[in-house]
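See below for the structure under consideration.
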């Protein structure tokens with residue numbers, strides 16, 4: 001744990017802290033009229049767990065990471081598996097893809113694990129608090145064991161209501177693609193992202209291709225709002241990395257981020 005923590009701490013020291021400690025921002029409440037609901041929901045995108053999802057890390061006794069996150073969250077939602085994100089470079093990118101220039105590749109997170117499973121904790125049906133398909137958090141799972149400690153968070157800012165997860169090499173390709181779009185005139189990373197957003201389906205968690213839609217390389221997840229977010233590494237009682245949590249909605253009762261329940265790891 002100490003090697004990963006030292007690398008991550010050095011990275012955090014070079015980046016401005018953008019996620020506040022006061023808790024998650026308020027997400028837009030569900031629409032109040034049938035017309036609003038029709039234009040803002042995604043009725044044909046009910047989350048379906050992947051058929052090839054790995055076994056649930058929970059043992060039915062609350063010891064798994066996802067069980068723990070769901071319990072602390074207090075929200076009624078379901079876990080949806082989105083497959084594994086390959087990390088051949090050993091470095092993860094978690095940021096807003098619309099930033100442009102080389103901003104996307106400035107703060108890679110060292111994560112020499114080969115791949116990491118992506119899960120979303122998603123509201124299936126509309127509630128009094130959330131639209132259907134709202135992402136309450138994104139969980140990047142390695143061991144999936146019950147968290148006991150947290151490491152230094154990697155903060156990132158969202159200006160387009162969503163963020164991207166990808167390997168550093170994919171992000172470099174995306175930056176080159178953005179430069180190519182600008183050289184051609186009239187387009188950039190924002191125009192690319194806008195082409196993947198549907199105002200009738202504002203809540204989503206899906207894979208996209210950069211230049212070829214048949215080759216998905218980047219994972220996009222909606223946040224429902226702009227502002228500061230963070231990827232927080234969570235460790236189990238043995239000091240092993242359980243996974244990284246990106247909390248969007250906070251706890252149901254007080255909106256505080258789920259990771260605030262855990263003490264800081266040292267060493």
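Ranked by the mean number of other Cβ atoms within 10 Å of their residues, highest first, the peptides 209-218, 103-112 fall in the order 103-112, 209-218. The orientation-averaged projection of the convex hull spanning the C-alpha atoms of region 78-186 amounts to 8.8 square nanometres.
Every number in this text was worked out from the coordinates using simple rules, so none of it is lab data. Note that the coordinates shown come from a computational prediction; the quantities given were computed from them, not determined experimentally. Using ideal geometry, Cβ is built from the backbone for each residue, glycine included, and neighbour counts are taken over all protein chains shown.
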